[in-house]
């Protein structure tokens, strides 16, 4: 009788383990990998089709002139939005082993982190500004240059870019 009860208790546990194993297999190797789309990404070439290192892999911010370069260039342009607009525009992209950027994706949210659409002019200006930044540096992994992700988040307060993250 004890063995029967023990077996009956093990069945749900083993089913639970099987379910979890199957559930995790449907996710990509890294959270948020960007899939190439020829319509959006043109002729941009990654050096490795299999691996692009994530920005959280100790790569840091990899641009010649550091973040201050981006801040100074952005201040010259003075992009504005409706003064009531507050939130974030994040642009994520890949820097290949040659230091070229591509595969840009944008996400917009309000100050409460809910999906939000800023004025199309502002979002397009920030996207084009980001696409035109030069001086991205490739990273080295095991002595080899490698593709990696970068992102810029523009914090919008009262219709103006108030900060660039990270």
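The values are calculated or read from the model by the stated rules, or taken from the named source; none is laboratory data. This one's a predicted model, so the numbers in the text were calculated from it and none came from an experiment. So basically every Cβ, Gly included, is an ideal-geometry build from the backbone, and we count neighbours across all protein chains shown.
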Taking the residues in the stretch 60-105 that are assigned to a helix (DSSP H, G or I) and either touching a helix residue (DSSP H, G or I) at 6+ places or on another chain (Cβ under 7 Å) or modelled with pLDDT of 90 or more (or both) as candidates, determine which candidate is surrounded by the most Cβ atoms within 10 Å (Cβ to Cβ). 74
Given (1) assigned to a strand (DSSP E or B); (2) modelled with pLDDT of 90 or more; (3) closer than 21 Å to residue 45 by Cα, where does residue 153 come up short, assuming only one miss? (3)
Output the number of the condition that residue 147 fails; it satisfies all remaining conditions of (1) surrounded by 17 or more Cβ atoms within 10 Å (Cβ to Cβ); (2) in contact with a helix residue (DSSP H, G or I) (Cβ under 7 Å, 6 or more places away or on another chain); (3) modelled with pLDDT under 90. (2)
Can residue 158 be described as out of contact with any strand residue (DSSP E or B) (no Cβ under 9 Å at 6 or more places or on another chain), in contact (Cβ under 8 Å) with a residue 40 or more places away in the chain and surrounded by 12 or more Cβ atoms within 10 Å (Cβ to Cβ)? yes
Close pairs from the stretch 114-125: first at pLDDT below 90, partner exposed (fewer than 15 other Cβ atoms within 10 Å of the Cβ) and part of a loop (DSSP other than H, G, I, E, B), Cβ under 7 Å, at least 6 apart: 119/82
Filtered residue count, the stretch 106-130, keeping only those that are surrounded by 18 or more Cβ atoms within 10 Å (Cβ to Cβ) and touching a strand residue (DSSP E or B) at 6+ places or on another chain (Cβ under 7 Å): 5
Cβ-Cβ under 7 Å, sequence separation 6+ or interchain: first residue in the stretch 68-95 and more than 16 Å from residue 119 (Cβ to Cβ), partner at pLDDT below 85 and assigned to a helix (DSSP H, G or I). Which pairs? none
